[in-house]
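Single-structure report; data block below.
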Amino acid sequence: MKEVFPLKVGFIGIGAMGKPMAKNIMSAGYPLVVNDVNDAVVQELVADGAIRAESPRELAQEVDVVILMLPNGAIVESVLFGEQGIIAGAKPGFAIIDMSSVSPTFTEKVANAAAAYQVDYIDAPVSGGVKGATNGTLTIMVGGEADVVKHYQPLLEVMGNKIYHVGKVGAGDAVKIINNLLLGVNMAAVAEAFALGTKLGLDPQVLLEIINVSSGSSYALAAKMPNFVFKGQFEQGFAIDLQYKDLELAIQTAKEAKVPMILTNLAQQVYEQARAAGLGREDISAVIKPLEELLKIQVRV
Ligand code: NAD
């Protein structure tokens, strides 16, 4: 760990989540070096005062700690261990904070590999969506050695206001996949329930109001129905492709642990259907669209 202040921070993966998180880090006064394969977002952050790195390797040479907010484990692995990857540029005492949603076993594997280079590793996946990332109010589930986690806590507090150190490296990812398993299953159930309600001639707004104060309530209902489905607006939320990936992480992890995942496997097929219909980039609430088409209804207010 580097005992320097302020820490020089690197950020790789300046997407829907990463961009507002990176902006909050700069607003808190940390010097920030950024890297992303999408040049447009890099340019936007450079205009805000960030420094561009041409590769993860170059970035690692410039900073004390790097935050990753990347789509999946395969990309995290290439950014870490590729020829132009972080490890190629990192010195002993460097730290990696992976905030992407990946599997706990993947994180254990890459954290062990990083340890061989005397590089510290923390998994710190998040919940709270783009809104939480923008407002710095994410829930962050952290796995790692206690002293390392404590050292980087102030940096995490710039991005979130509910930070839980839940165990050794990989434990944060385990909590995250369990949370997202519930979100995925709940959203699929809410879509099915509202398709039935609308087919039966009920007013979706009335249905929402009643269930919100009844035992069928959930985040998927309270946040996704009024903000996405009722408006017929499915942009800029949590993508179906990412939710599908998270269900797959839960299913694979459960297989390794010999735990049956009956509802999770069924729910994943609902997202598979939506992907087959070309809805992968839309918000998870768009799983209602194939049902709407089948039933010749629209759940709108
Ligand atoms: P995104 O696709 O918007 O952003 C990913 C970014 O990574 C993009 O800017 C992309 O250009 C960049 N990238 C891809 N490959 C790269 C590479 N090889 N090198 C450098 N940059 C690369 O995704 P997102 O919605 O910001 O999600 C990021 C992570 O956060 C995912 O693991 C996701 O599951 C998780 N997450 C997302 C949400 C959400 O609401 N969107 C909420 C919680 C967690």
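The values are calculated or read from the model by the stated rules, or taken from the named source; none is laboratory data. All figures in this text were calculated on a predicted structure; none of them were measured in a lab. Reconstructed Cβ throughout: ideal geometry from the backbone, glycine too, with neighbour counts over all protein chains shown.
Within segment 249-270, the set of residues being in a helix (DSSP H, G or I) and touching a helix residue (DSSP H, G or I) at 6+ places or on another chain (Cβ under 7 Å) comprises L249, A250, I251, T253, E256, L263, T264, N265, A267, Q268, V270.
When every residue of segment 188-197 is checked against the conditions, none turns out to be farther than 30 Å from Q153 by Cα and either within 12 Å of the ligand (Cβ to nearest atom) or not in a helix (DSSP H, G or I) (or both). Among the conditions (1) within 25 Å of Q236 (Cβ to Cβ); (2) modelled with pLDDT of 95 or more; (3) small (G, A, S), A16 misses just one, which is (2). Close contacts from segment 152-165, counting a first residue that is touching a residue at least 40 places away in the same chain (Cβ under 8 Å) and hydroxyl-bearing (S, T, Y) and a second that is surrounded by 15 or more Cβ atoms within 10 Å (Cβ to Cβ) and in a strand (DSSP E or B), with Cβ to Cβ under 9 Å and a gap of 6+ residues or different chains, come to Y152/V65; Y152/A95; Y152/I97; Y152/D120; Y152/I122; Y152/V142.
Pull out all pairs, ordered by first then second residue, where Cβ-Cβ is under 6 Å, the residues are six or more apart or on different chains, the first lies in segment 43-65 and is closer than 14 Å to I12 by Cα and in a loop (DSSP other than H, G, I, E, B), and the second is among the basic types (K, R) and away from the ligand (no atom under 14 Å from the Cβ). Here the result reads V63/K8; D64/K2; D64/K8, each pair linking segment 43-65 to a residue that is among the basic types (K, R) and away from the ligand (no atom under 14 Å from the Cβ). Of all the listed residues (E157, E235, E209), the sole one being charged (D, E, K, R) and more than 30 Å from I67 (Cα to Cα) is E209.
When we screen V169, V175, V148 for residues that are within 15 Å of the ligand (Cβ to nearest atom) and either within 19 Å of S78 (Cα to Cα) or touching a strand residue (DSSP E or B) at 6+ places or on another chain (Cβ under 6 Å) (or both), the only hit is V175.
The set of residues in segment 98-151 being surrounded by fewer than 16 Cβ atoms within 10 Å (Cβ to Cβ), at pLDDT 95 or above and more than 24 Å from A257 (Cβ to Cβ) consists of A116, Y117, Q118, N135, T137, A146, D147, K150. No other residue among D98, D120 is within 12 Å of the ligand (Cβ to nearest atom), within 18 Å of Y152 (Cβ to Cβ) and in contact with a Phe, Trp or Tyr (Cβ under 8 Å, 6 or more places away or on another chain) apart from D98.
Within segment 272-301, residues that are exposed (fewer than 15 other Cβ atoms within 10 Å of the Cβ) sit with their Cβ atoms under 7 Å from residues that are outside any helix (DSSP H, G or I) and of a type in the set (A, V, I, L, M), at 6+ positions apart or across chains, in these pairs: R281/A239. Considering only residues in segment 69-88 that are in contact with a Pro (Cβ under 7 Å, 6 or more places away or on another chain) and outside any loop (DSSP other than H, G, I, E, B), the one that is farthest from the ligand (Cβ to nearest atom) turns out to be I86. Note on segment 1-24: residues that are more than 10 Å from the ligand (Cβ to nearest atom), over 21 Å from L80 (Cβ atoms) and in contact with a helix residue (DSSP H, G or I) (Cβ under 9 Å, 6 or more places away or on another chain) amount to 3.
Residue count for segment 123-145 satisfying the condition of being closer than 24 Å to A88 by Cβ and within 14 Å of the ligand (Cβ to nearest atom): 2. Need pairs with beta-carbon distance below 8 Å; first residue in contact (Cβ under 8 Å) with a residue 40 or more places away in the chain and more than 15 Å from the ligand (Cβ to nearest atom) and within segment 230-252, second assigned to a helix (DSSP H, G or I) and aliphatic (A, V, I, L, M); sequence gap 6+ or separate chains. What qualifies is F230/L208. Taking first residues from segment 203-221 that are more than 20 Å from L183 (Cα to Cα) and partners that are of a type in the set (D, E, K, R), the Cβ contacts under 9 Å between residues at least 6 apart in sequence or on separate chains come to P204/R300. Taken over segment 25-44, the criterion of being within 21 Å of P154 (Cβ to Cβ) and either within 13 Å of the ligand (Cβ to nearest atom) or buried (at least 18 other Cβ atoms within 10 Å of the Cβ) (or both) is satisfied by I25, M26, Y30, L32, V33, V34. For first residues located in segment 68-94 and within 19 Å of Q118 (Cβ to Cβ), partners that are small (G, A, S) and within 9 Å of the ligand (Cβ to nearest atom) and lie 6+ apart or on another chain with Cβ distances below 6 Å form the pairs L68/G13; L68/S100.
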